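Q: Quick one: structure below, then a few questions.
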Amino acid sequence: SPTLTENVVLRQETNIAIAGTITAGEGTNARVFGVTPNGMFVPTDRLWPQAGITWHGLDVRATSLPVAFALRRGVNAWSLDKWKATKLDDELEIRQGVALTGRFRTVNGLRFYFTREGYWLRHKDIIMVFDRHKFPDFVGEGTKWIDISLANQTLVAYEGKKPLYATLISSGRDRLGDANEGPSTLQGTFTLQKKYVVSDLDNREVKQEHDLLNVPWVMEFADGFAIVAATWHARFGEALGFHHVGLAPIDAHLLWHWTDPAVPQGWNSVTAPEAEATIVYVHK
């Protein structure tokens, strides 16, 4: 880490976290500096808040799966009769989550899914998270695990066979490519190796456009691969990163607290034995 006598130039849009502030000077000469977790001092008049979007996924403990997320702006609700689909005036917000009943119909060659709120959605307008009927062999009663689909760009948190939470992700840009060769997320069954309150990330996650320092809510499941709070974009449901699985900050914060191992109060990171860690299942 830099000493107090070193000057480090941060590129514009670089992410940093502020753990506290100090004031240097007095009166009109006073200047407030933010203190980063690794002990750097940054003038606050050169910073702006980057909390990330307020959007988040769906708590599905009561409704279960399937659910859907609006793929784009301008997704309409529909009504159906026996032969005709009618577009309603109601529009969903981009990425809005909706609980589905599991019922579907095809009208004029288009498939529609019925929501628990009583309207229909076109399949081509949504990202769906289906209910699982087959489970990996590691799933037992009460097993905490995270199910990540790279093709679908979705994540579901489970306890045993019960889904708890569903959301959208942003994985490596090549989706199903070779993670050893390019911008893809590693597939396989892992356990969380380390958790960090904040950690620096490889700036290839943002195509070297700026630095990623002190990124919050980092859950590492393999060397160089983690679930993280992506505060630098809002396009969840799209593969935009390098190796990591980016979540909306609210989702990352929720999962960070839910997963094992727990990070003791006042600590920045923890490493856990495999037997005590949440399982991460990354697949097509």
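The values are calculated or read from the model by the stated rules, or taken from the named source; none is laboratory data. Note that this is a predicted model, so its numbers are computed, not measured. As a convention, Cβ positions derive from the backbone with ideal geometry for all residues, glycine included, and neighbour counts pool all protein chains shown. Quick note on the areas: whole protein, heavy atoms, side chains included, nothing else; ligands and nucleic acids left out. Shrake-Rupley method; radii C 1.70, N 1.55, O 1.52, S 1.80 Å.
Q: Test of understanding: what is the full-extension gain from GLU13 to TRP48, defined as 0.36 nm times their sequence separation minus their Cα-Cα distance?
A: Separation in residues times 0.36 nm, less the Cα-Cα distance, equals 11.7 nm.
Q: In whole Hz and in residue order, list the ³J(HN,Hα) couplings for region 136-151 that follow from phi through the Karplus curve 6.51 cos²θ - 1.76 cosθ + 1.60, θ = phi - 60°; x for Gly and Pro.
A: Once rounded to whole Hz, the list reads x, 4, 6, 6, x, 4, x, 4, 8, 8, 10, 9, 10, 9, 6, 5.
Q: Round to the nearest 10 and report in Å² the accessible area of SER64, as given by a 1.4 Å probe over the protein chains' heavy atoms.
A: Using a 1.4 Å probe on the heavy atoms, I get roughly 40 Å².
Q: Mind ranking 258-266, 148-156, 214-222 by how tightly packed they are, going by the mean number of other C-beta atoms within 10 angstrom, highest first?
A: Ranking the peptides 258-266, 148-156, 214-222 by packing returns 214-222, 148-156, 258-266.
Q: Just want the answer: with Cβ charges of +1 for Lys and Arg and -1 for Asp and Glu, which residue in ALA30, TRP83, ALA222 is farthest toward the dipole's positive end in the chain?
A: TRP83
Q: Okay, moving on. Percent relative contact order of the chain, based on C-alpha pairs within less than 8 angstrom and at least six residues apart?
A: Relative contact order comes out at 18 percent.
Q: Per residue, how large is the accessible surface of the chain? Use a 1.4 angstrom probe and give square angstrom.
A: In whole numbers, the chain has 53 Å² accessible per residue.
Q: Report, to two decimal places, the Cα Rg of region 16-127 normalised by 2.2 N^0.38 Å (N = number of residues).
A: Compactness ratio reported: 1.83.
Q: Roughly speaking, to the nearest percent, how much of region 210-284's 1.4 Å accessible area is carbon and sulfur?
A: The value for region 210-284 is 54 percent carbon and sulfur by accessible area.
Q: Over region 81-173, what is the relative contact order in whole percent, taking alpha-carbon pairs under 8 Å and six or more residues apart?
A: 14
Q: Sort out for me the Cα centre separation of region 205-284 from region 58-121, rounded to whole Å.
A: 30
Q: For LYS134, give me every one of the aspartates and glutamates with a C-alpha distance below 18 angstrom, ignoring sequence neighbours fewer than eight places off in its own chain.
A: Once the sequence-local aspartates and glutamates are set aside, what remains near LYS134 is ASP147, GLU159.
Q: Karplus couplings for region 243-251 from phi (6.51 cos²θ - 1.76 cosθ + 1.60, θ = phi - 60°), rounded to Hz, Gly and Pro as x?
A: Once rounded to whole Hz, the list reads 10, 7, 9, x, 10, 4, x, 5, 5.
Q: Pairs of alpha-carbon atoms within less than 8 angstrom and 6+ residues apart define the contacts here; what relative contact order does region 1-156 have, in percent?
A: Result for region 1-156 is 15 percent.
Q: What's the magnitude of the charge dipole for the chain around its Cα centre, counting Lys and Arg as +1 and Asp and Glu as -1 at the beta-carbon? Answer in Debye, nearest 20. Before the final figure, lay out each step's value.
A: Working: 29 positive and 32 negative charges, 268 e Å.
Magnitude of the dipole: close to 1280 debye.
Q: Taking amide hydrogens as modeled 1.01 Å from N in the peptide plane, which residues meet the under 5 Å criterion relative to LEU100, leaving out close sequence neighbours?
A: Placed amide hydrogens put VAL67, ALA68, ARG116 under 5 Å from LEU100.
Q: Run lengths n ≥ 4 of DSSP H only: what is the helix-derived mean residue ellipticity at 222 nm for the chain, with -39500 (n - 2.57) per run over all residues, to the nearest 500?
A: -1000 deg cm²/dmol
Q: From the phi angles alone, apply the Karplus equation (6.51, -1.76, 1.60; θ = phi - 60°) to region 32-37 and give each ³J(HN,Hα) in whole Hz, x where the residue is Gly or Pro.
A: Along region 32-37, the couplings run 9, 10, x, 9, 7, x Hz.
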